1. Using a Förster distance of 35 angstrom, determine the FRET efficiency expected from the C-beta separation of B:Leu41 and A:Thr139, and round it to 0.05.
2. When only Cα pairs under 8 Å and 6 or more residues apart are kept, what is the percent relative contact order across chain A?
3. Can you give the FRET efficiency to the nearest 0.05 for B:Trp31 and A:Leu509, using r as the Cβ-Cβ distance and R₀ = 56 Å?
4. Taking chain B as the reference, fit the longest principal axis to its C-alpha atoms, fit the long axis of helix B:3-22 to the helix C-alpha atoms, and give the angle between the two in degrees, 0 to 90, nearest 10.
5. In terms of modelled amide H atoms, which long-range or inter-chain residues lie less than 5 Å from the amide H of A:Glu60?
6. Below 8 Å, C-alpha to C-alpha, sequence gap of six or more: please give me the relative contact order for segment A:5-91 in percent.
7. As a footprinting exposure proxy, order A:Ser554, A:Ser481, A:Ser350 by other Cβ within 10 Å, with the fewest listed first.
8. Taking chain A as the reference, fit the longest principal axis to its C-alpha atoms, fit the long axis of helix A:116-135 to the helix C-alpha atoms, and give the angle between the two in degrees, 0 to 90, nearest 10.
Amino acid sequence: MMLELLTIPAVILILGAFLLPLMPERMRSGMFILFPIIALWLLWNLPEGNLLQVSFASYELELLAVDGLSRIFGIIFALITIIGGVYAYHIKDLGQQSSALAYAGGALGVTFAGDFFTLFIFWEIMAAASSYLIWARKTEESAKAGMRYLLVHIFGGGLLFTGILLHLSSGGSLYIDSIEPAYTAANIFMLLGVALNTAVPPLHAWLADAYPKATITGAVFMCALTTKSAVYVMIRLFPGWEILIWVGVIMAIYGTIYALLANDIREILAYSIISQIGYMVTAIGIGSELALNGATAHAFNHIIYKSLLFMAAGAVIHATGTSKLSELGGFAKKMPLVIGLYMVGALSISGMPLLNGFVSKTMISGALGDAHLEWPILLLLIATIGTFLHTGLKLPYYTWFTEKKSKFEVSAIPINMKVAMGIGAFFCILFGVAPQLLYSQLPYPTDFQPFSIYNFVEMIQILVLAFVGFWFLKKHLNISSTISLDTDWFYRRPAGVVRTVFVETPNNLFGFAERITLSLAEKLSGTSKNPLRLLLPAFVTEGREIKSDGFTASMSAALAFILFGFLVAILVALI
Amino acid sequence: MKNWHWIALGTLLIVSLILEFTYLADYASHWWNHVPAFYALWGGLGCAVLIFVSKGLGKILILSDEDYYDA
């Protein structure tokens, strides 16, 4: 049984998280990369089917359910953990290394879970392990953001678990399968729980709040794993839920507008994740085979180019110590390689032909066209224009070009960071020029052909005119030192009031009561030190020294006896 | 932006327009395919709308001081 557990890719990574602390420090970075390589090799060779059952209470849990969909998500999660491991090779922080491995293990566990309990457990492992990647930055800001992130995810996990329990109690199956579009309480709770991790507004604010405050290397794992594993679960559970078509479109536009306003470079990229996931959610809402293939392919490509972008943004922060457009600028000549690699990712996400974003975006718009959903096509094109504007133009222009806006030194970045970015850029180009490599792994067989003259004309015209628009209107873009208010306002702003009402007021009340009690006790004890002061005040006024212990022992005993006699007499009289 | 940058972009746009009016002349899968150079217009228009809408929303609702939550 124990040996069989080792065939689960997730177990390999979580085991790795526990083994890392036992290894010598200089080996850890290398071993960090080895575990996801083993997991990748394992899941590559797993046959399809339900491979491992474990009895738990009266249930039979499916720990390892492999099919085309779970395999391709497993491949990309393992691959990005390897690339992230290369990027973080220079990091000596054991806490970050272990939690990143456990986090990736959680994502793989969710991917291969065949039943809801297994899914939920790995879902929570992800939330707990990833929180540390925010805290590890060790600033006051990240400590608070990490706590908010954890609380929101515990809430989301609660929603999901409520949904699962309702689903089971109403006779639903424990095993994961697509759910018919019906708005029962169970389905709504499950959808909300998954939607929170997919960053669907208004449940999305944790993402843009936490990712810019995570560690440089931690953010690379975070941008790849949490939201995309939720997209995977959404493809599994909710394909063809029509509400998702418009939810996705709203997400795409919403994320774009916030990304255009953001000043922190990783906040721009974080909001852009929400926008990109909008494409996937829309495709899931359509639910056709082409659309689900498109959502899967887009999630796959998105993980590659988005982590590349986060790696490049991390390189900027590593080199300059700042992440704000209002402070950066004027050092393009000092990091040409990083700019080049960043632009590969930025043009990929913008849908430039011959890069990987193009081969999955065209698939989704093809699926929308087949379903005659014309306005979603046009609105998603607006989001594409916006993506090119903020990630492809605004961010690089104000980060590296323009004049220097504050004083900072540009230090060298470790070679392994560049290598990791190079690997990411390589895959962006590889799947862009040879999309069949990706298409052949998709859950449904497809003969989709992205390279048509129509698609080429469409993207070139859009991108060229968006560039012209940027160039002439760029002075209207925000690069001042501001923050954006989002739906986290609802739990961050009242935090002060909540603290005052529920923490500080009771605290003050108890403090007040405590002070009164203590001062009363002090006065009482002061009195009992010398009762004669009360009984014979004349002694004091005459200035004579009073000694309560000035009597002989027998005298004291006699006096005490008399006092006791009085007390008894009073008691008897009273009764 | 140097001159040759603009020339390169212009050439790309002209190539796409030539392709549109030759190879795709009778192509119509969406209603907007009848509008000549629709994607160029949509790109330019979308860009301007996004920039001004986000600017407006930022001003009236979204943007705030960095110490907003600390205050």
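1. It comes out at approximately 0.15.
2. In percent, rounded to a whole number, it is 13.
3. 0.25
4. 50
5. Residues meeting the amide H criterion: none.
6. Computed over segment A:5-91, the figure is 32 percent.
7. The most exposed by this proxy come first: A:Ser554, A:Ser481, A:Ser350.
8. 80
No lab work stands behind these numbers, since they all come straight from the coordinates. Being a predicted model, the structure only gives us computed values, none of them experimental. A quick note on method: Cβ atoms are made from the backbone with ideal geometry, for glycine too, and the neighbour counts reach across all protein chains shown.
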